[in-house]
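Here the structure comes first, spelled out in structure tokens, and everything after it is commentary.
The values are calculated or read from the model by the stated rules, or taken from the named source; none is laboratory data. Being a predicted model, the structure only gives us computed values, none of them experimental. FYI the Cβ positions are ideal-geometry reconstructions off the backbone, even for glycines, and counts take in every protein chain you see.
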Amino acid sequence: MTTETVPPPPARLPAPLRSALIPALGLAAFTLAFTALMAFTYDATRERIAAAGEAQQMRLIDEILPRGQYDNALLKDAVTAAPPAGIKRIWRARRGGAPVALVFETFANDGYGGRIELIASLGIDGKIGGVRVTSHKETPGLGDYIDPARDRDKARPWIGQFTGAEAPPPQATWAVKKDGGTFDYRSGATISARAVTRALGQGAAWAAARRDEIFAAPTGSLIDADAQREREQE
């Protein structure tokens with residue numbers, strides 16, 4: 001006669017462990033579901049967000065370089081500059097394939113409230129086409145006149161004095177009148193004007209000196225200021 005061996009019943013988890021495990025499993029399930037939802041939302045909105053960002057960027061560029069002056073896809077025709085240049089991205093405007101202007105981002109770290117970021121256009125003739133402050137923390141009602149949207153003088157905003165100015169040579173710097181230069185500033189807020197003027201002058205000088213190299217560089221490439229300086233000294 002064969003005797004069947006009955007397996008023992010499965011061991012049950014202690015009650016305290018079961019009490020802790022159930023919420024943990026619920027939290028894990030919620031996390032997975034939330035992550036999947038966020039991934040789906042990101043994929044569904046990524047293109048729209050990118051398009052909105054590009055549209056906003058183009059509205060700003062339109063203020064310093066009218067679209068009628070060029071016919072290429074400006075935002076897709078860009079290079080970047082190595083950190084010593086004081087410039088970040090550079091977009092290249094062309095018409096019929098010929099160089100028209102450069103649009104570059106530059107910045108000053110010595111504003112009264114810290115970092116000031118700028119965007120400017122530089123024509124093929126070496127003259128500034130326009131400038132806008134894109135980010136700053138200058139004192140409201142005092143130093144924020146560097147931003148034309150906050151400048152109380154709507155007829156003649158302070159930033160407009162740079163339009164038409166010729167980029168300085170590489171070894172020269174722009175300065176406000178208080179420092180012996182030619183550019184105006186507002187009383188009581190010299191630091192803001194000084195920072196913008198100096199950064200814009202340095203950025204324009206760098207871009208103007210390397211204009212041909214910038215236009216000839218492959219899209220997406222890096223313009224190395226140090227390497228260029230070494231070639232110039234040879």
Inset, instruction - Please specify each residue of segment 122-155 satisfying the condition of being surrounded by fewer than 16 Cβ atoms within 10 Å (Cβ to Cβ), under 21 Å from the mean Cα position of the chain (by Cα) and not charged (D, E, K, R). - result: T134, S135, A149
Legend entry - In segment 158-167, the residues that are within 20 Å of V133 (Cβ to Cβ) and of a type outside the set (V, I, T): W158, G160, Q161, F162, G164, A165, A167
Inset, instruction - Only residues that are assigned to a strand (DSSP E or B), over 15 Å from P66 (Cβ atoms) and either touching a strand residue (DSSP E or B) at 6+ places or on another chain (Cβ under 8 Å) or not hydrophobic (A, V, I, L, M, F, W, C) (or both): list them for segment 86-101, please. - result: I87, K88, R89, I90, R92, P99
Inset, instruction - For T182, state whether it is farther than 29 Å from V100 by Cβ and among the polar types (S, T, N, Q). - result: no
Inset, instruction - Would you point out the residue of segment 156-213, among those that are of a type in the set (S, T, Y) and surrounded by fewer than 16 Cβ atoms within 10 Å (Cβ to Cβ), that is farthest from I119 (Cα to Cα)? - result: S187
Inset, instruction - Looking only at segment 169-177, decide whether some residue is assigned by TED's automatic domain parsing to the domain that holds A73, farther than 30 Å from D224 by Cβ and either over 23 Å from the mean Cα position of the chain (by Cα) or modelled with pLDDT of 95 or more (or both). - result: yes
Inset, instruction - Kindly list the number of the only condition in (1) in contact with a helix residue (DSSP H, G or I) (Cβ under 6 Å, 6 or more places away or on another chain); (2) at pLDDT 95 or above; (3) of a type outside the set (K, R) that fails for P84. - result: (2)
Legend entry - Among (1) at pLDDT 70 or above; (2) of a type outside the set (D, E); (3) surrounded by 11 or more Cβ atoms within 10 Å (Cβ to Cβ) - the single one A28 does not satisfy: (3)
Inset, instruction - Output the residue which, of all residues in segment 128-167 that are among the polar types (S, T, N, Q) and without any contact (Cβ under 8 Å) to a residue 40 or more places away in the chain, is farthest from L65 (Cα to Cα). - result: S135
